[in-house]
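Below is one structure, written out as structure tokens; comments come after it.
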Amino acid sequence: MSGTERIVIEGIGVVGGFGCGISDLSRALNGSVAPPGTLNVSTGSGPIEIPAFRADTSPLKEFVPARTLRRIDHFSRLALLGGNLALADAGLAETEHHRLGVIIASGYGASGATYAFLRSFINDGDICASPTYFANSVHNSAAAHISIQLGSMGPNLTVTHFHLSVPSALATARLWLAEERVQRVLFGAVDELSDLIGYIRYRTRDAAPDAPMTPLRTEMETSIPAEGAAFLLLTRESAARGGYCALDASTTGSLPISGHPIPEPGLLVLGADGCRESGRRYAAVAQNSRIACYTPLYGSMPAGPAFDVAAGALILKGGRVFPSPGDAFRDFPATVPVGGEPVGTDRISCLTLAGDGAYGLTTLGNFPGTTGECAKEERIAAGVSRMDPE
Amino acid sequence: MSVAPIPITGMGCICAAGRNLSDSMEALLRGERHPAPPVRFASDHPVPHPVFEAVDFEEPPDLLRTSAFALHAAREAVADAGLDRKILGSLRVGVCVGTTVGAVISEETFCRGYLAGGVPDMAPIHRILRSNPADVIARAFDLSGPRQTVVTACSSGTDAVGIAGSWIRAGLCDAAIAGGADELGRITYNGFISLMITDDSPCKPFDKHRKGLNLGEGAAMLVLASERVLRRRGTRARSFLLGYGSAGDAYHLTAPRPDGAGLRSAISEALATSGVSSASVAFVNAHGTGTPDNDRVESRVLHDMLPGIPFLSTKGYTGHTLGAAGAIEAVFTAACLEMGKIPANAGFETPDPEIGINPVMEATTVSGTVALSESLAFGGNNSVVALGKA
């Protein structure tokens, strides 16, 4: 990293199956877990309902006029809501939107608009292809809607790298700030549960039991599909007006043959999301570490690692670990902090494992002036010094 | 604000103009182009719109055509850089690829089957899920560095090159394979026709009678490496990535901002990061799609910011290759700097009084050591790379 300043998370905006905003996410993290809703999936043998975490974008009307929303699809609405919540959380004035950089990470992009576009010419012929659906199906449509609505003329980027989208895009957000290309980056991860994604999940994954996700159980599928958006307003430490914590590193790569990239000491937040094959990989990497996992609160989606980062930021801000829900870690050989336990570390790493040995790792650190007094006192008591940023 | 130049040690390309960079450049300088109605897919549009399908190449059946293009170009670039598996294995090498199609969960046959209420074969979806272009290249060369797939529409290839340069400057990797790839298909063909921005005759960038773009396909990859790697290996750069800039329009999903403010910012940033003045630019490889709006805005900006500097669009030889365009045009730009010659702007015959400036009409000798390559994207992102002669 060429810059010497740390990068700070100034604001967080989240929407998902748990609700809308950091207060709803905090409630869920503290144990008030909302059960999943359902997704209707048309199958070859008739329609079925599967459990799914759905997100409600109706609060968006507080930020964007209803008239404007008419031509904006669900995917971009999720992004607009998450983005506006993060800006409101940070208290960023409208006059500061102009040179915001915007980075969106999405595993599957605007799959609903893409399918609707395909439907338009499959049903009615090539000549009837819908220009509106096509425009909204372009992968960077959410980033475009955000920049248009906010009047942001900074650089604008969208990354789609399936489950590595979040750590990969966060790495670029850090670079933009370190290079002083922009004063602030509005980073967001978003995925929607469209008909098409629901059907693909139905066909590619075993049905999960009607029970909460248990991400590290390797013998069965427990993932519950989800949609949502998690946004972070990022800035350099010299410009930060409070916030949550520092975003000290984010990287992607291939796991080396021996060992793993997890920094010690710290708390490891696992992105394990109930998919049977990835549960096995997480279990292999996370053994004997101090771990937490919150995916049962927001479900399984490629944007999930951004929710892990949001949870990590709230832990560092408050100084106490949230309980990992359910019996996610039953019989698992690791240290799992109970809810309310002091965080006891300056560093939290969020780990994402993808197929073919690829990984993403995002590291958060305490940052003076942003983290809770509780955390500070505990660090002093524990004799833990602040770890150097990357 | 200027940054360290990043050596480019290898380049590769496949498109309608040729199976590799050298063949493509020879075709461009001969003024050859072969737009024709699509052969690889059928359409029931009453008037066929010409496209630039890539020349035949060895296409692995288990990969998306987009990723096969990416891999083909990467192999040429890696060989051109004199790298082999042993050397690559001793370095931390990243992969950054721009695309529009290569990360989209959509496949027409599958969607037709789903829409008809059948049980469609999942093979096309599995092919998509294992074909993320950056992952395909990382797997093929067993690379351990960062990975990113950029989907910022038509500026993706330019952004990928710029981001990879930042990775090396920041020390995130020793070298990177960066570029863009995209395939032609009915989805993009129908989409662009639905927006009424395609020409039903061969495209005519910057011409008074231009009616729109012709789509194309292909890929280009560059090998970027740190100076330290070059010193260690005792090799020389082929050319340099001097600078990069990008900025949003905050205006419209599919139309450029009329005053070109985003493009102006991107050019200014590319020049500033390069540490060169506009007067030292030898030529500009413009985005030049042949759509009335793009060429009007782009030429206005060139007239104001880079007056008298020769410019051309190479899309008259390749078609608009979308996510690959920025990378294909970057390698053409670097190759032209090496040769001291630029091809004619194919398709231009009649000056447009509204534009007021004309692209080069014949292959032209250029002197100077710096050139710009521009990309304008749906969603309003504008990206520019500055390339330097070794």
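The values are calculated or read from the model by the stated rules, or taken from the named source; none is laboratory data. Predicted model only: the values in this text are computed from it and were never measured. Glycine also receives a Cβ, built like all others from the backbone with ideal geometry; neighbour counts cover every protein chain displayed.
Going through B:Ser156, B:Ser106, B:Ser131 one at a time, which residue ends up being hydroxyl-bearing (Ser, Thr, Tyr) and surrounded by 24 or more Cβ atoms within 10 Å (Cβ to Cβ)?
B:Ser156
Can you confirm whether B:Ala377 is buried (at least 24 other Cβ atoms within 10 Å of the Cβ) and either touching a Pro at 6+ places or on another chain (Cβ under 9 Å) or at pLDDT 95 or above (or both)?
Considered against the rule, which asks whether it is buried (at least 24 other Cβ atoms within 10 Å of the Cβ) and either touching a Pro at 6+ places or on another chain (Cβ under 9 Å) or at pLDDT 95 or above (or both), B:Ala377 comes out as yes.
Can you work out which of the residues in segment A:185-203 that are out of contact with any helix residue (DSSP H, G or I) (no Cβ under 7 Å at 6 or more places or on another chain) and buried (at least 24 other Cβ atoms within 10 Å of the Cβ) is farthest from A:Glu96 (Cα to Cα)?
Ranking the candidates gives A:Leu193 first.
Has segment A:317-329 got at least one residue that is surrounded by 24 or more Cβ atoms within 10 Å (Cβ to Cβ) and modelled with pLDDT under 90?
Yes.
When the residues of segment A:101-134 are filtered to those that are in a loop (DSSP other than H, G, I, E, B) and over 20 Å from the mean Cα position of the chain (by Cα), which remaining residue is nearest to the other protein chains (Cβ to nearest Cβ)?
A:Ala129
Please enumerate the residues belonging to segment B:105-134 that are more than 9 Å from every other protein chain (Cβ to nearest Cβ), touching a Ser or Thr at 6+ places or on another chain (Cβ under 8 Å) and among the small types (Gly, Ala, Ser).
The one that is more than 9 Å from every other protein chain (Cβ to nearest Cβ), touching a Ser or Thr at 6+ places or on another chain (Cβ under 8 Å) and among the small types (Gly, Ala, Ser): B:Ser131.
For segment B:152-170, enumerate the residues that are over 20 Å from the mean Cα position of the chain (by Cα) and either within 7 Å of another protein chain (Cβ to nearest Cβ) or among the acidic types (Asp, Glu) (or both).
Within segment B:152-170, B:Arg169, B:Ala170 meet the criteria.
Is it true that A:Gly3 is within 14 Å of chain B (Cβ to nearest Cβ) and either at pLDDT 95 or above or touching a Leu at 6+ places or on another chain (Cβ under 9 Å) (or both)?
Judged against the criteria, A:Gly3 is a match.
Would you please name the residue that is surrounded by the fewest Cβ atoms within 10 Å (Cβ to Cβ), looking only at residues in segment A:11-46 that are of a type in the set (Ser, Thr, Tyr) and free of Cβ contacts under 8 Å to residues at least 12 places away in the same chain?
Once the filter is applied, the top-ranked residue is A:Ser45.
Would you check if there is a residue in segment B:184-202 being more than 9 Å from chain A (Cβ to nearest Cβ) and assigned to a strand (DSSP E or B)?
So far as segment B:184-202 goes, yes, one or more of its residues are more than 9 Å from chain A (Cβ to nearest Cβ) and assigned to a strand (DSSP E or B).
I'd like the full set of residues that are in contact with a Phe, Trp or Tyr (Cβ under 8 Å, 6 or more places away or on another chain), in a loop (DSSP other than H, G, I, E, B) and of a type in the set (Ser, Thr, Tyr), limited to segment B:105-137.
Within segment B:105-137, B:Ser106 is the sole residue that qualifies.
Only residues that are of a type in the set (Phe, Trp, Tyr), in contact with a strand residue (DSSP E or B) (Cβ under 6 Å, 6 or more places away or on another chain), under 19 Å from A:Ala110 (Cα atoms) and facing chain B (nearest Cβ under 10 Å): list them for segment A:161-201, please.
A:Tyr199
Looking only at segment A:246-266, decide whether some residue is within 14 Å of another protein chain (Cβ to nearest Cβ) and within 22 Å of A:Asn140 (Cβ to Cβ).
Yes; the residues of segment A:246-266 include at least one that is within 14 Å of another protein chain (Cβ to nearest Cβ) and within 22 Å of A:Asn140 (Cβ to Cβ).
From B:Leu83, B:Leu63, B:Leu88, grab the single residue that is in a loop (DSSP other than H, G, I, E, B) and in contact with a Leu (Cβ under 8 Å, 6 or more places away or on another chain).
B:Leu63
Taking the condition of being among the hydrophobic types (A, V, I, L, M, F, W, C), under 30 Å from B:Arg232 (Cβ atoms) and under 16 Å from the mean Cα position of the chain (by Cα), how many residues in segment B:51-95 meet it?
Residues that pass the stated criteria total 6.
Just one of (1) facing chain A (nearest Cβ under 10 Å); (2) part of a helix (DSSP H, G or I) trips up B:Ala140, so point out which.
With respect to (1) facing chain A (nearest Cβ under 10 Å); (2) part of a helix (DSSP H, G or I), B:Ala140 is out only on (1).
I want to confirm something. Restricting to segment B:64-87 and keeping residues that are touching a residue at least 60 places away in the same chain (Cβ under 8 Å) and more than 25 Å from B:Val104 (Cβ to Cβ), which single residue is surrounded by the most Cβ atoms within 10 Å (Cβ to Cβ)?
B:Ala81
Does segment A:138-155 include one or more residues that are at pLDDT below 95 and of a type outside the set (A, V, I, L, M, F, W, C)?
Checked against the condition, which is being at pLDDT below 95 and of a type outside the set (A, V, I, L, M, F, W, C), segment A:138-155 yields at least one hit.
Surrounded by fewer than 21 Cβ atoms within 10 Å (Cβ to Cβ), of a type in the set (A, V, I, L, M) and either more than 29 Å from B:Val47 (Cα to Cα) or in contact (Cβ under 8 Å) with a residue 12 or more places away in the chain (or both): does that describe B:Met196?
yes
Checking the structure you have, find out if any residue of segment B:45-61 is surrounded by fewer than 24 Cβ atoms within 10 Å (Cβ to Cβ), within 26 Å of A:Ser168 (Cβ to Cβ) and touching a helix residue (DSSP H, G or I) at 6+ places or on another chain (Cβ under 9 Å).
So far as segment B:45-61 goes, yes, one or more of its residues are surrounded by fewer than 24 Cβ atoms within 10 Å (Cβ to Cβ), within 26 Å of A:Ser168 (Cβ to Cβ) and touching a helix residue (DSSP H, G or I) at 6+ places or on another chain (Cβ under 9 Å).
Which residues, counting only those in segment A:176-201, are touching a Leu at 6+ places or on another chain (Cβ under 8 Å), closer than 23 Å to B:Ala164 by Cβ and in a helix (DSSP H, G or I)?
A:Leu177 - this is the single residue of segment A:176-201 that is touching a Leu at 6+ places or on another chain (Cβ under 8 Å), closer than 23 Å to B:Ala164 by Cβ and in a helix (DSSP H, G or I).
So, of the residues in segment A:204-244 that are on the phi > 0 side of the Ramachandran plot and touching a Ser or Thr at 6+ places or on another chain (Cβ under 8 Å), which turns out to be surrounded by the fewest Cβ atoms within 10 Å (Cβ to Cβ)?
A:Gly242
Looking at (1) facing chain B (nearest Cβ under 7 Å); (2) of a type in the set (Val, Ile, Thr); (3) touching a helix residue (DSSP H, G or I) at 6+ places or on another chain (Cβ under 6 Å); (4) assigned to a helix (DSSP H, G or I), which one does A:Thr158 not meet, given that it meets all the others?
It is condition (4) that A:Thr158 fails.
Return yes or no: is B:Thr149 more than 10 Å from every other protein chain (Cβ to nearest Cβ) and among the polar types (S, T, N, Q)?
No, not satisfied.
Could you say whether any residue in segment B:12-33 is part of a strand (DSSP E or B) and over 15 Å from B:Thr318 (Cβ atoms)?
Looking through segment B:12-33, none of the residues is part of a strand (DSSP E or B) and over 15 Å from B:Thr318 (Cβ atoms).
Among all residue pairs at least 6 apart or on different chains, which show Cβ distances below 6 Å where the first residue, located in segment A:198-212, is over 17 Å from B:Phe110 (Cβ atoms) and the second is assigned to a loop (DSSP other than H, G, I, E, B) and among the acidic types (Asp, Glu)?
Between residues of segment A:198-212 that are over 17 Å from B:Phe110 (Cβ atoms) and residues that are assigned to a loop (DSSP other than H, G, I, E, B) and among the acidic types (Asp, Glu), the close pairs are A:Asp206/A:Glu221; A:Ala208/A:Glu221.
Quick check on segment B:341-374: of everything there that is among the aliphatic types (A, V, I, L, M) and more than 22 Å from B:Leu241 (Cα to Cα), which residue is surrounded by the fewest Cβ atoms within 10 Å (Cβ to Cβ)?
For segment B:341-374, the residue satisfying everything is B:Met361.
Residue-wise test of (1) touching a Pro at 6+ places or on another chain (Cβ under 9 Å); (2) without any contact (Cβ under 8 Å) to a residue 60 or more places away in the chain.
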position	(1), (2)
B:Phe311	yes, yes
B:Tyr317	yes, no
B:Val331	no, no
B:Leu337	no, no
